[in-house]
Structures are given as structure tokens and as C-alpha cells.
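Take a look at the structure below.
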Amino acid sequence: MNGIEDVMNNLSAEGSYNIPAESFKNPGVLNSIFENLPLILILINKDGRVENINRATSITLGKEKTDSIGLLGGELFGCMNSLKDEGCGKNRECSECTVRNSVMYTFETGENIYKREGELEIIANGRSVTLHLLISTLLIKQNNEPMVLLTADDITEQKLAEKALKESEIKYKELADSLPQTVFETDLQGNLIFVNRYSFDMFGYTQEDFSKGSNIYQTLIPEDLYRAKLNLEKVVRGEDQGSNEYTALRKDGSTFPISIYSSRIVHDDRTIGIRGILVDITERKQAEEILRKSEASLSNAQRISHLGNWDWDLVKNKVKLSNEIYNILGLAPPRFETTFESFLKYVHPDDELFVQDNINKAIYEHKPYSIDYRILLSDSSERIIHAQGEVTFNKAGQAIWMSGIMQDITERKQMETALQKSEQKFRTFFNNSNDPTLIYDLDGFILEVNEVACEFTGYGRDELLNMSIMDLDSSEYASNMPDNIKQLQKGMCSIFESVAICKDGTTIPIELSNRIIDYDGKPAVLSTSRDLTERKQAEDAMFHAKLVAEAANRAKSEFLANMSHELRTPLNSIIGFSQLLNSNPFGNLNEKEINYSYNIMDSGKHLLSLINDILEISKIESGKIELECEKFSLPSFICDAENTIKHMAYNKNIEICNQVRSKSIEVYADKLRMKQILYNLLSNSLKFTPENGCI
């Protein structure tokens, strides 16, 4: 069997093409099949040169068969590396060439290759083109020589389409991830196969949760599941559903309203899933609720504000009034005739021409009006009304409609009158205050001053009104002014000290009392100053007296310390000689004389104790007391203290329990002061422990 027959037999065996078995009996038919198969077929000898190509190869590569026989593979394909460098099979890139490696592998191993993907960069029509191929190799014999049939299916267009599809999917995903709504895709059972990044933030799930498998229905509350399934089934059937609203369920169990816009995913005229956008409509629902409440409460708002609205059809002369206008006029709605003339009956006679004139100007001169006038109620009482009106004109310039509002401002007018009186009182108080008083805005610019402030600073009123408060205060206060104003805006009254700078350059210590007030409809600072010169002088005098007293006290302490030290020297001699006398070393003293010497010794010791106490106090007051620390045995120290109070404890029948067991404990401390502390503690214990007690 020749080589072409081997090729056809193998192609048939692979099942790539449905070739009738009887065709293999006719070499002409086999050659025709080889020639006309829509695949690149190249027969290559062991030297790597082309023995034969089919028609598809010639068309794809743009080379005639006669010109192709004997070429190397790279030369046949027009490989760019073969053209620009040394030649086919001799370049560094050749070792990575899938086409060449596949042919060489089959020659070397005898193993065939089936559909291996590879790329080959060629020059076609003067430009570089990358071919994407599915490569198969088949080892055959022709005239007893090994040959390799290279089969290459050009899948370049398929690869380009896949690349375009992948890029499209990437762009789709990037677009979906940039949207502030959830974008999703599901299969026909509602299983999620794609969600964008925003969905994780919206529902609180993670990518890991999604990877484990999620269903669109688990994002809805149970009460909405049945309706949602019915709606999605309609989408699958191709019925346009528009949008549907549900209550969504987050991972943490919280809920929020959503609207789902969905459509079916169709592939090859077959619905394979659902694609949709899920929108959080919380704000819209809130707005709808607010609108519903606002509509429901509009009449209440008009009633509370005493403001009503009206519409006047100028063509039909019909007036439509809101309920609050009836309330303002003191009427029930059914009793009021809805004509303009009936309304004018309630305008005060003295204001009727004024009202009519403004209405005429609005109609004939296109001038909207905003006026105040009086109305006269059926009980003869008067009310003050603020009214606004505006006319709508047709294309011909004719007035056809008029709308407006009417508000009862009687109480406001009364308050304005009271406010004027209050402002007059404030002005009188402001101008007659005994303290310098200024008003300045939140930027520090002076708005008003009283006469005392002018006298205090030396500036004229006109000068001060062109200055800033920072021109009058010390630099320290000026730098703190923004912080002080912030405190005032929190409702705090700020009182602090500063230094005023007068026109002549002199400085005066002052106490400032500031608070926020309303001045001409804007927040301002009312600042009152008080001269602290006398108080500061008194404080300086007190401070000087304090320094003198402290110096005298230190002198006293130093004197006592020195005197106590000088007294102890002779007193120690007295105590020492009295002890010597008391011991009667020569035996020549009688009992009375011994008692006298004891009294001298005892009194001396008492006086020495008093002097030591004075010395201790003096040291403390003069700041010169020092600790004299040393190492000593704690058990012995405690035993000495115990022996000192033992006789007092015996007199009260109190038991002393010494629980110190170790005899090797040493401490580093001032032994004398530690003894004083322990003795005082034990004395207090004896004093407050009842008889037959224990310490």
C-alpha cells in the first residue's frame, strides 16, 4: 500500500472524516481525497523537506505545489524566524517551534501526535501573522522510506474569536464590577453562575461563599420565593416582566427592598439561563414613604403654619381653596362660594383697592405680587394676611390661570411689634451700660459700640466701626478668637481675661464676658469688658504679702532649727551629770538628794524630747530633713518595740502576739523614724483594744 493509502486509512481510523471503505480500493479516489481535504496536509521526508502538499495547504500558505516540493517546513510556511535569521531549523526559536518539534518527535519515536495546539509566526502579504494550528503527525512509509504526514487544522479565526469573546467577557465583567448595582447570571434553576463585585457588599457574602454555590432565591425572604419563581419562569418563557420588587435578605439576616430587572440568556436559539440587575431601592422606598407622609400631612402643615394655597381659573372665574384658607376665614368649606368676588368680601374695606390693584398688575402687567393686608371675619375681628400670587399665560399672552398662597401672619406681626419694643429696650440698655460693650460679627469686625467703649479705648465711634476686635485685644487673645467663637456657638458663655490696647498705646487688663446674639438676623458676639486694674493691683499686693509671709516662716523655721541644735548641747551635759549624780558613785548622797538628781535627769530628758520634736518640725518646714538609713535586724527591732510597750499591755491585760518567726530578716531603713512609726501604731493599738484583747 502506498503512502497516500496509509494516510487515508489512518484518517478513517481516527474518525475525523466519514470516508467510505470502498474508496480505499481506488488510488485515484484516495489521491482526490488527499488533494481536496480542507486541512493542511504536508508530507515530509526524514530530511525535513516537503514531499507533497494538498490543495488546502497551497491556498492557505499561498504557494504552488511545484514551488513547495523540496522546501523545509519553515520555508514552506514562510516562518518569520526562518526568513530573518539563519534558516529553518537553525535558529534559537526553532527549538520551541511546535510544528518542527512534532515532526521530529514522530520521526525519532515513531509515535503519532493527535491535535496538539501550536502557534507559528509567518510573513503573509508582507506583514507578520500568527497562525494558530491544531497539529497531528502520522508516521508512514512511502517507497520503503519513512515519511511524516503533518496535518494542520488552521484554527486562527477560532482563536481570534475566542480571544475577542474573552476580551468581551473581561470588559463585561469590568463593566459589571463598576456598576453600583448587583449584576447576576443564573442557570434555569436559579443557581448563580456569575455575580459582580458590588453584590458582595450589598448582601454581605464573600467570594468563598459564592464559590461554594449560591442560589438567587436564598437572597430573598421566604414570603417572596413563590412569586419570584413564577416571575423568573415567565422570563424563561420569553415574557417581558419589566421589573419586580421583592424584599432581599442579607447574610446577617437584615432585609432591604430591591427591584430585579431580568432577561433570559439565549444560546443557539435555546434559553440557558437568566441575566439580571438587582437594584437596592431603599432610598426610593424611603422617598415614596416620605412623599406619602408629606401628602398626608400637607393639610396639617398648612394648619400649623396657618398657610393655605389657592388656584383661580381666570377663564371660568372659579377659585379653588385649600382647607386652611377656609380655617383662616373662619368658614366651613361648603359655605364658601368659589368665585373671586366672594373672596373679596372678606378683605378689609380699607385694603380692598390695594389688593385689587396688585392682582390687576399681576394679570395685565405680568408682575407677581407679595403683599400684606387685613381681612375682616364674620365676627368683626381682624386678621393680618400675607399673600403671594403669580399668573400663567397662554401662547397668545392671555392670562388663563393664577395661583398663590395666603398665610395668617397676625401672630408674627404681633411678635415683630414686640421685637421692635425689645430691640428698643436692648438699645437703651446697650447705650447706657457702665461697662465698655461691643457687638462684632463672627469674623471679628465691629458692628456696634456704646459710648463707654469709645471713652475706654480712646477711639471715636466711626473709627471703631471700621476696625476689628483683634485691633483692640492682645495678640494672645486675637490668636485664640476662632476657638472662643466656636465655644460660643455651642451655647457657652465665655468669660476670660485679656489685655485691651487703647488708641494711645496703653494697655489695660480687662475681663471679657462674651455670648452669641442675633443681630440684624445674623449671629454676632456681644462682648462686655470690665477694667481689672484695681483688682490686679490688689492681687499683686496679696502676692507680695504672701512672699513676705513665706520668707518670715522660713526664717522662723531656720531659727527654731538653729536654736534647737544649740539647746541640745548644754542639755545633754545636764542630763549626763544628773545621771552621774543619780548613780551616787561616791555614796555621799542621801535619798532626798538622789531623788532630786533623778528629777533633774527626768526633766532634762523631757525637755530634750520637746527640743527634738521642735527640731523635727523645723527640719520638715525648712525642707532639710534627711533620712539616715542603715541595715538592722527586723526581728530584734520588733522585739525591742514589744519590750517597750509590754508593761502597758500588762496593765490592760492585753496579749501581744509576735508572729515573726525568721531571725535572719534584715531591712534597710531609718531606724529611728521606723521606731517612731511602729511605736505610734502599737500605742494606738493598745489605746483602742479592749481589755483581755490581743494585738
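The values are calculated or read from the model by the stated rules, or taken from the named source; none is laboratory data. Quick caveat: nothing in here was measured; it's all calculated off a predicted structure. As a convention, Cβ positions derive from the backbone with ideal geometry for all residues, glycine included, and neighbour counts pool all protein chains shown.
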Subset of region 667-676 (residues that are surrounded by 13 or more Cβ atoms within 10 Å (Cβ to Cβ) and either at pLDDT 80 or above or outside any helix (DSSP H, G or I) (or both)): Val667, Ala669, Asp670, Met674
Output for region 58-102, where each listed residue is assigned to a loop (DSSP other than H, G, I, E, B), among the acidic types (Asp, Glu) and either under 14 Å from Glu121 (Cα atoms) or at pLDDT 75 or above (or both): Glu64, Asp85
Qualifying position, being of a type in the set (S, T, N, Q) and touching a Phe, Trp or Tyr at 6+ places or on another chain (Cβ under 6 Å), among Thr247, Thr282: Thr282
Qualifying residue in region 653-668 (condition: closer than 29 Å to Asn612 by Cα and touching a strand residue (DSSP E or B) at 6+ places or on another chain (Cβ under 6 Å)): yes
So Glu233, is it outside any helix (DSSP H, G or I) and either surrounded by fewer than 13 Cβ atoms within 10 Å (Cβ to Cβ) or without any contact (Cβ under 8 Å) to a residue 24 or more places away in the chain (or both): no
Qualifying residue in region 121-129 (condition: of a type in the set (Ser, Thr, Tyr), in the same structural domain as Phe77 (by TED's automatic domain parsing) and either assigned to a strand (DSSP E or B) or within 53 Å of the chain's Cα centre (by Cα) (or both)): yes
The listed residue being modelled with pLDDT under 70 and farther than 30 Å from Ile656 by Cα, out of Ser597, Ser583, Ser578, Ser622: Ser622
In region 427-460, residue surrounded by the fewest Cβ atoms within 10 Å (Cβ to Cβ) [restricted to those that are modelled with pLDDT under 80 and in contact with a helix residue (DSSP H, G or I) (Cβ under 7 Å, 6 or more places away or on another chain)]: Asn434
Out of Glu283, Glu289, sole residue that is assigned to a helix (DSSP H, G or I), acidic (Asp, Glu) and closer than 18 Å to Leu179 by Cα: Glu283
Lone qualifier among Gln142, Gln158 - being at negative phi and more than 60 Å from the chain's Cα centre (by Cα): Gln142
3 or more residues modelled with pLDDT of 80 or more and farther than 25 Å from Asn431 by Cα: qualifying strands (runs of 3 or more DSSP E) within region 461-550: none
